[in-house]
Amino acid sequence: MYKQNNFALEFDGFTFIYGNDNHVRPAVKNISFKLEKGKTLILAGSSGSGKSTICNALNGIIPFRQIGYMKGDVKVFGLSVWDQSLAELSKKVGLVKQNPDEQLVTFTVRDEISFGLENLNLPKEEIIERVDDIVEFMNIEHLIDRDIDDLSGGEKQIVVICSYLVMKPKILILDEPFAFLDQKSSTLLLNRLKKLYQDKELDLSIIIVEHRLSKVLDIADYLLVLNHNGEIALKGSINNLFRNHFNDLKSCNLRIPWIPDLFISALETPKREIPLFFDTAIEIINKETNRNLELLKNRLYENFMNHKEYSDGMEGEILLELKNASFKYPKLNRMALNNISLKIYKGDFIGLVGHNGCGKTTLLYLLAGLYNPSKGKVYYKGRNLLEIDFYEYAEKIGFIFQNPENMLFKNTIRDEILYAPKNFNLLNQFDEENLNQLMRMVGNVEYDRNPFNLSWGQKRRLNLSSIFIYDPEIILLDEPFIGQDQKTIDELINILYQEQQKGKTIIISSHDYHLLLNHVDKIIELDNGNLIEYEENYSYFQKYQSLGPISLLNIINKKLGKI
């Protein structure tokens, strides 16, 4: 039995309703759980299930900044949030939000990391020492003298995390910390979080909100899953839930780690050892029979390499073309894109990959006509974009920005979906049922709700609805899977496939290589503004030997004597 002061946080029958109407559905309902000091909890659940509400209740936004009705209690280090001021809670709890732009307040990286310490009126020497320590710890010496506006989305996220770590909080909440990060940055952050997790002298309690459980399993002690009604569906230790309640986890609409899912679905032997990580998977493979290895191999192909054939065989109509296109931002010393030449065909389904800051978003902006190339040309059906009326071309493009709030303009969900059709004079080209279907895609929310009050994942789905409604010819998506649960991703991919079958051309920029491996036809890879590869999906990923499914497939083939 734990003593009261052994808990970093305690929820006791916590229920919260947003707004002034206490008859609407609660965002969360009857939440009760405890987390000991120095432990790490993964908070998971469907988009809109109430994860952000729980986080806001810990740092004082609820009840001090958010209008609503609250029942039950929330305690931080034994004291109710009602008995602590917002200032006191902010010293104990650091909340790193999903969107880094919401928390960046200065102009340079050094000033950003120093900002909180300066507000605490710490001596200058101590501020300098703390900043230097966290910069070294997080290995961001190359960023410290950069302007915030020059950073990529992933770089901004790391800077925000540093700005909280430098404050030395006792509870650190990370809302999808890997969402904007490339593979290298994700590995860097994961290694630093492991260091925090393993350093018991820090006594730091960590809460990680994450859809992709595979990212954080080895740095967490407990998992708490919310259902779509904002109630607790599952809670317990990582080992217990994965080894004894795996099917229950799958039913909770989570993005289940691919390794245990592979072994359970392929071998269908519940009593065998279930690997959670790559190294344990290899140990099991080395002991398996050839029959089971063949089963694992077949399931790997089904899960990750079950691609459609190209509809055009690279011989269809050239829809978009870049000829020696370059782009340079005014304050950047190098080219954001350098001498890019490529052809995109009607009906292509393309994945755009590369590290943070490599030029992916810039390339999408050029294709959308939002930027004009500094050098070279961009063509649409053989016409230079500079010679096409922008309003005419805009109707052909559906662009999903990396930050969903960048494309929210109206005060209700319904009006937001109708915004583009009104601008393009297309209101007479769809029926009410089509509109209702697109509104339902947003989630279980009132259609007169303000879009800015939605969760990140709901905002993203609203973005999609707002472009699908006017039926654009080209769909450009910048990190569309961020903040999405498994069901939503499956629905989104299915919709995109349907759009491709209608002849739409789709380009997805994403760091989620596992999703791209299974769903897109071609891959464009950029590196420091240069085009590195542009080829068929499987040919590209076969060379990407460090990607988990490809690496595991090669190990199985070697074991079977097929390499």
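For the criterion of being assigned by TED's automatic domain parsing to the domain that holds D12, in contact (Cβ under 8 Å) with a residue 40 or more places away in the chain and either surrounded by fewer than 22 Cβ atoms within 10 Å (Cβ to Cβ) or part of a strand (DSSP E or B) (or both), I62 fails.
Give the residues of the stretch 123-132 that are in contact (Cβ under 8 Å) with a residue 24 or more places away in the chain and out of contact with any Ser or Thr (no Cβ under 8 Å at 6 or more places or on another chain), sorted by residue number. Break it down into steps so the answer makes sense when it comes.
The first filter runs over the stretch 123-132 and keeps only residues in contact (Cβ under 8 Å) with a residue 24 or more places away in the chain, leaving 130-131.
Of everything in the stretch 123-132, just one residue is in contact (Cβ under 8 Å) with a residue 24 or more places away in the chain and out of contact with any Ser or Thr (no Cβ under 8 Å at 6 or more places or on another chain), namely R130.
Here's a check for you: in the stretch 468-498, which residue that is touching a residue at least 60 places away in the same chain (Cβ under 8 Å) and closer than 18 Å to L254 by Cβ is nearest to the chain's Cα centre (by Cα)? My answer is I482. Checking E112 against (1) in contact with a Leu (Cβ under 7 Å, 6 or more places away or on another chain); (2) within 26 Å of K39 (Cα to Cα); (3) at pLDDT 85 or above: exactly one of these is not met. Which one? For E112, the failing item is (2). Contact map, the stretch 11-26: first residue assigned to a loop (DSSP other than H, G, I, E, B), second residue of a type in the set (S, T, Y) and surrounded by 15 or more Cβ atoms within 10 Å (Cβ to Cβ), Cβ cut-off under 7 Å, separation 6 or more or different chains; pairs are N22/Y69; P26/T15.
The condition of being touching a residue at least 40 places away in the same chain (Cβ under 8 Å) and more than 26 Å from S114 (Cβ to Cβ) holds for only one of R192, R212, R243, that being R212. Looking at S163 and the list (1) in the same structural domain as N119 (by TED's automatic domain parsing); (2) buried (at least 19 other Cβ atoms within 10 Å of the Cβ); (3) of a type outside the set (A, V, I, L, M, F, W, C); (4) within 19 Å of D485 (Cα to Cα), which single condition is not satisfied? So the condition that S163 fails would be (4).
Suppose we filter R212, R243 for residues that are in the same structural domain as A44 (by TED's automatic domain parsing) and either surrounded by fewer than 17 Cβ atoms within 10 Å (Cβ to Cβ) or closer than 24 Å to N30 by Cβ (or both); which single one remains?
Just one listed residue meets the conditions, R243.
Applying the condition of being of a type in the set (S, T, N, Q) and surrounded by fewer than 17 Cβ atoms within 10 Å (Cβ to Cβ) to the stretch 304-350 and asking which residue is modelled with the lowest pLDDT yields S311.
For the stretch 66-93, filtering for residues that are farther than 19 Å from N121 by Cα, modelled with pLDDT under 90 and surrounded by 15 or more Cβ atoms within 10 Å (Cβ to Cβ) leaves 1.
In the set (1) surrounded by 13 or more Cβ atoms within 10 Å (Cβ to Cβ); (2) in contact (Cβ under 8 Å) with a residue 40 or more places away in the chain; (3) not in a helix (DSSP H, G or I), the condition left unmet by D203 is number (1). What about I31, is it at pLDDT below 95 and crowded, with 18+ Cβ neighbours inside 10 Å? No.
Answer yes or no: is there a residue in the stretch 90-102 that is touching a Ser or Thr at 6+ places or on another chain (Cβ under 6 Å), more than 17 Å from W456 (Cα to Cα) and either of a type outside the set (G, A, S) or in contact (Cβ under 8 Å) with a residue 24 or more places away in the chain (or both). Walk me through it before giving the result.
Initially, the stretch 90-102 is screened for residues touching a Ser or Thr at 6+ places or on another chain (Cβ under 6 Å), giving none.
No: the stretch 90-102 contains no residue that is touching a Ser or Thr at 6+ places or on another chain (Cβ under 6 Å), more than 17 Å from W456 (Cα to Cα) and either of a type outside the set (G, A, S) or in contact (Cβ under 8 Å) with a residue 24 or more places away in the chain (or both).
Considering (1) modelled with pLDDT of 90 or more; (2) loosely packed, with under 14 Cβ neighbours inside 10 Å, say which one N425 fails and leave the rest. Of the numbered conditions (1) modelled with pLDDT of 90 or more; (2) loosely packed, with under 14 Cβ neighbours inside 10 Å, the odd one out for N425 is (1). Scanning the stretch 203-221 for residues that are among the hydroxyl-bearing types (S, T, Y) and under 21 Å from the mean Cα position of the chain (by Cα) yields one hit, S214. The set of residues in the stretch 35-51 that are surrounded by 18 or more Cβ atoms within 10 Å (Cβ to Cβ) and assigned to a strand (DSSP E or B) comprises L35, T40, L41, I42, L43, A44, G45. When you look at I161, is it within 30 Å of N528 (Cα to Cα) and touching a Pro at 6+ places or on another chain (Cβ under 7 Å), yes or no? Yes: the conditions hold for I161. Taken together, L454, L492 contain a single residue that is among the hydrophobic types (A, V, I, L, M, F, W, C) and farther than 21 Å from H514 by Cβ, which is L454.
Checked against (1) under 18 Å from D485 (Cα atoms); (2) modelled with pLDDT under 85, S465 passes all but a single condition, namely (2). When the stretch 152-189 is filtered for residues that are of a type in the set (D, E, K, R) and without any contact (Cβ under 8 Å) to a residue 60 or more places away in the chain, the ones remaining, listed by number, are K156, K168.
Residue-by-condition table, conditions (1) small (G, A, S); (2) within 26 Å of the chain's Cα centre (by Cα); (3) loosely packed, with under 15 Cβ neighbours inside 10 Å:
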position	(1), (2), (3)
P373	no, no, no
Y379	no, no, no
Y391	no, no, yes
E395	no, no, no
G398	yes, yes, no
E405	no, yes, no
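From the set of residues in the stretch 275-292 that are assigned to a helix (DSSP H, G or I) and of a type in the set (A, V, I, L, M), which is surrounded by the most Cβ atoms within 10 Å (Cβ to Cβ)?
In the first step, residues of the stretch 275-292 are kept if they are assigned to a helix (DSSP H, G or I); the result is 278-285, 290-292.
Add one more test, that the residue is of a type in the set (A, V, I, L, M), and what stays is 281-282, 284-285.
Numbers: A281: 21, I282: 15, I284: 17, I285: 18.
Per the stated criteria, the residue is A281.
Here is a check on your reading of the model: is D218 in the same structural domain as P177 (by TED's automatic domain parsing), surrounded by fewer than 20 Cβ atoms within 10 Å (Cβ to Cβ), modelled with pLDDT under 90 and in a loop (DSSP other than H, G, I, E, B)? Taking the combined requirement at face value, the residue does not satisfy it.
The values are calculated or read from the model by the stated rules, or taken from the named source; none is laboratory data. Not measured: the values here are computed from a predicted model. Cβ coordinates were reconstructed from backbone atoms using ideal geometry, including for glycine residues, and neighbour counts include every protein chain displayed.
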